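Here's the structure, in structure tokens; my notes come after.
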Amino acid sequence: MITLATDWPTIASLATAGGTLVLAFATFASVRSANRSARIAEIALQEQRRPLLAPSRLEDPTQKIMFVERHWVRAEGSRGVAEYEAGNIYLALSLRNVGSGIAVCQGWTVTAAALTSGAAPQHAPLDAFRTQTRDLFIAAGDFGMWQGALRSPEDPDFAPLVEAIKNRQPISIEILYSDQVGGQRTISRFGLTPWPDDTWFAQGTRHWFLEGPAPRDEAASLARAEQIIREAGSLEELTRPADYSSSPGA
């Protein structure tokens, strides 16, 4: 008769190893869940302080804005300023922060033209932005202002802007701003359109988030802009008056 001896030390070792493996899986799952929760909390915190600038409302109060030369301009609600005075160009926008965090203006660019999504689907290069020399803060849910000036005729943007202001032609401004700790950098493009009452109407046209997902699918947005341009061209052809001067009976 054969007697089988039970190897209790081996069984105990296997049980311990199995328990350790189960504990490792449980620890991994717990750490992964904790990391996911921390990431969600981080995203929620960022959204709580994300700024987003847009033109102010028509009913917002008129803002008096002073430049370093003590030159004053007035920006009404949903309006902007483009002035050429005493050899200087003064620009300003009445804005509203529709985001949930303080907006801190960092830099800006200006173009003497209307920048459409089709013609300029991307924002200006970051190294093209002029540094904001004055600290401009716009509180969340409140209105405020942006200002910039060109004082050198040698500036390549100077002469085109003077012509645009004198001839009352559209102007585009891009503003680079961040939250109160310098993160979540955003670029917003605004257009200044001449208005019949001798003012400039401000419009917000595009926003780019430099850190994190963009607010739109850029490829789809560009394709839609190109489609609109093609449709506008077709509509122009359809609505153009017929030319009968070369017809046989003319």
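The values are calculated or read from the model by the stated rules, or taken from the named source; none is laboratory data. Just so you know, these numbers come straight off a predicted model, no measurement behind them. Cβ: placed from backbone, ideal geometry, glycine included. Neighbour counts: every protein chain shown.
If I ask for residues that are touching a Gly at 6+ places or on another chain (Cβ under 9 Å) and more than 18 Å from residue 162 (Cα to Cα), which ones from the range 60-95 would you list?
Correct list: 60, 61, 62, 63, 94, 95.
If I go through the range 153-179 residue by residue, how many of them are among the small types (Gly, Ala, Ser) and closer than 13 Å to residue 82 by Cβ?
The number of residues fulfilling the criteria is 2.
Run down 172, 152, 188 and say which single residue is closer than 19 Å to residue 205 by Cα and either over 13 Å from the mean Cα position of the chain (by Cα) or outside any strand (DSSP E or B) (or both).
172
Scan the range 146-169 and tell me whether some residue there is at pLDDT 95 or above, of a type in the set (A, V, I, L, M, F, W, C), within 21 Å of residue 49 (Cα to Cα) and buried (at least 18 other Cβ atoms within 10 Å of the Cβ).
For the range 146-169, residues at pLDDT 95 or above, of a type in the set (A, V, I, L, M, F, W, C), within 21 Å of residue 49 (Cα to Cα) and buried (at least 18 other Cβ atoms within 10 Å of the Cβ): present.
Identify, please: which residue in the range 113-129 is touching a strand residue (DSSP E or B) at 6+ places or on another chain (Cβ under 7 Å) and part of a loop (DSSP other than H, G, I, E, B) and is, among those, farthest from residue 156 (Cα to Cα)?
Per the stated criteria, the residue is 117.
Look at residue 90 and say whether it is buried (at least 19 other Cβ atoms within 10 Å of the Cβ) and within 23 Å of residue 196 (Cα to Cα).
Spelling it out, residue 90 is indeed buried (at least 19 other Cβ atoms within 10 Å of the Cβ) and within 23 Å of residue 196 (Cα to Cα).
Taking the range 65-102 as the search range and keeping residues that are modelled with pLDDT of 95 or more and polar (S, T, N, Q), which one is nearest to the chain's Cα centre (by Cα)?
If we take residues in the range 65-102 being modelled with pLDDT of 95 or more and polar (S, T, N, Q), then 97 is nearest to the chain's Cα centre (by Cα).
Do any strands (runs of 3 or more DSSP E) entirely within the range 46-112 hold 3 or more residues that are in contact with a Ser or Thr (Cβ under 7 Å, 6 or more places away or on another chain), and if so, which?
88-97, 103-111
Checking the conditions here, which among 134, 206, 189 is modelled with pLDDT under 95 and either crowded, with 20+ Cβ neighbours inside 10 Å or of a type in the set (Phe, Trp, Tyr) (or both)?
None of the other options fit; the residue is 206.
A quick yes/no check of all residues on (1) under 28 Å from residue 209 (Cα atoms); (2) touching a His at 6+ places or on another chain (Cβ under 7 Å); (3) of a type outside the set (Asp, Glu):
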residue: 64; (1), (2), (3): no, no, yes
residue: 68; (1), (2), (3): no, no, yes
residue: 79; (1), (2), (3): yes, no, yes
residue: 87; (1), (2), (3): no, no, yes
residue: 90; (1), (2), (3): yes, yes, yes
residue: 95; (1), (2), (3): yes, no, yes
residue: 101; (1), (2), (3): yes, no, yes
residue: 114; (1), (2), (3): yes, no, yes
residue: 127; (1), (2), (3): yes, no, no
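Of everything in the range 107-125 that's of a type outside the set (Gly, Ala, Ser) and surrounded by fewer than 19 Cβ atoms within 10 Å (Cβ to Cβ), which residue is farthest from residue 193 (Cα to Cα)?
125
For the range 46-86, name all the residues that are of a type in the set (D, E, K, R) and either in contact with a Cys (Cβ under 8 Å, 6 or more places away or on another chain) or touching a residue at least 24 places away in the same chain (Cβ under 8 Å) (or both).
First, pick out the residues of the range 46-86 that are of a type in the set (D, E, K, R): 47, 49-50, 57, 59-60, 64, 69-70, 74, 76, 79, 83, 85.
Matches in the range 46-86: 47, 49, 50, 57, 60, 76, 79, 83.
Considering (1) within 17 Å of residue 207 (Cα to Cα); (2) touching a helix residue (DSSP H, G or I) at 6+ places or on another chain (Cβ under 7 Å), say which one residue 112 fails and leave the rest.
(1)
Please find, within the range 134-149, the residue that is nearest to the chain's Cα centre (by Cα) out of those that are in a loop (DSSP other than H, G, I, E, B) and under 17 Å from residue 73 (Cβ atoms).
That would be 136.
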